[in-house]
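*Asks:* Structure provided below as structure tokens; questions to follow.
The values are calculated or read from the model by the stated rules, or taken from the named source; none is laboratory data. Since the model is a prediction, treat every value here as computed from it, not as a measurement. Ideal geometry is used to build each Cβ from the backbone, glycine not excepted, and the neighbour counts take in all protein chains shown. These accessible areas exclude ligands, DNA and RNA; they are computed on the full protein's heavy atoms, side chains included. Shrake-Rupley method; radii C 1.70, N 1.55, O 1.52, S 1.80 Å.
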Amino acid sequence: MSPVAVIVGPPGSGKSTVGPLLAERLGAAFVDADAEIEQTAGKSIPDIFAEDGEPRFRELEEQVIAEGLQRHDGVYSLGGGAVLSAATRERLAGHRVVFLNVGMPVGVRRVGLSTARPLLAGVNPRATYKQLLEARLPLYREVATVQVDTDQLTPDEVVDAVVAELKKVS
């Protein structure tokens, strides 16, 4: 079993909004890896970061995704930092990976610099977001089968673009 599509992208790219819409369009189930991590840990992601640290979160994330890539056959959305793991990037090879790209100004606006996002909480969340994009963009592109730029698109338009791109690589 393999997901029909795996969604990756930075915070604010639309993974949580587009994922369920894409799944509905494809007649598939939607699963969010972050929700699975919270279920496995028995606590929220901000609490995992605060109580156990980012290394423990990344360990859980890698484990949950490894299992999810084998267990799910619908649309599987990964957290923004999942691509930081070399093992996860290797596991994504052979899957149809959709990279939802977002530019910094739009991403910052969509995220709202929320403290609910542990990596963006701090003294200068805008600078942190910029650094996050710079570090992760090459990794998103490395694993992507298709890329859709979401800045100027509505969620439904993103889904249309994803479906069109997936048809090209099927």
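*Asks:* Is one or more of the residues making up segment 95-104 surrounded by 15 or more Cβ atoms within 10 Å (Cβ to Cβ), of a type in the set (Gly, Ala, Ser) and touching a Leu at 6+ places or on another chain (Cβ under 7 Å)?
*Replies:* No, every residue in segment 95-104 fails to be surrounded by 15 or more Cβ atoms within 10 Å (Cβ to Cβ), of a type in the set (Gly, Ala, Ser) and touching a Leu at 6+ places or on another chain (Cβ under 7 Å).
*Asks:* Regarding segment 160-170, can at least one residue be identified that is more than 19 Å from ARG25 (Cβ to Cβ), modelled with pLDDT of 95 or more and over 13 Å from the mean Cα position of the chain (by Cα)?
*Replies:* Filtering segment 160-170 for residues more than 19 Å from ARG25 (Cβ to Cβ) gives none.
Taking every residue of segment 160-170 in turn, none turns out to be more than 19 Å from ARG25 (Cβ to Cβ), modelled with pLDDT of 95 or more and over 13 Å from the mean Cα position of the chain (by Cα).
*Asks:* Within segment 40-57, track down each residue that is open to solvent by 60 Å² or more (accessible area, probe 1.4 Å) and either among the hydroxyl-bearing types (Ser, Thr, Tyr) or without any contact (Cβ under 8 Å) to a residue 60 or more places away in the chain (or both).
*Replies:* Answer for segment 40-57, where residues must be open to solvent by 60 Å² or more (accessible area, probe 1.4 Å) and either among the hydroxyl-bearing types (Ser, Thr, Tyr) or without any contact (Cβ under 8 Å) to a residue 60 or more places away in the chain (or both): THR40, GLY42, ASP47, GLU51, ASP52, PRO55, ARG56.
*Asks:* Can you tell me which of (1) of a type in the set (A, V, I, L, M, F, W, C); (2) modelled with pLDDT under 95; (3) open to solvent by less than 10 Å² (accessible area, probe 1.4 Å) is the one ILE37 doesn't meet?
*Replies:* (2)
*Asks:* Another question, if that's okay. Of the residues VAL6, VAL31, only one is within 17 Å of THR145 (Cβ to Cβ) and touching a residue at least 24 places away in the same chain (Cβ under 8 Å); which?
*Replies:* VAL6
*Asks:* Further, regarding this structure: Which of the following residues is of a type in the set (A, V, I, L, M) and surrounded by fewer than 20 Cβ atoms within 10 Å (Cβ to Cβ): LEU60, LEU69?
*Replies:* Answer to the check: LEU60.
*Asks:* Something else about it: Does PRO138 satisfy the criteria of being open to solvent by 30 Å² or more (accessible area, probe 1.4 Å), at pLDDT 95 or above, in contact with a Ser or Thr (Cβ under 9 Å, 6 or more places away or on another chain) and not hydrophobic (A, V, I, L, M, F, W, C)?
*Replies:* Judged against the criteria, PRO138 is not a match.
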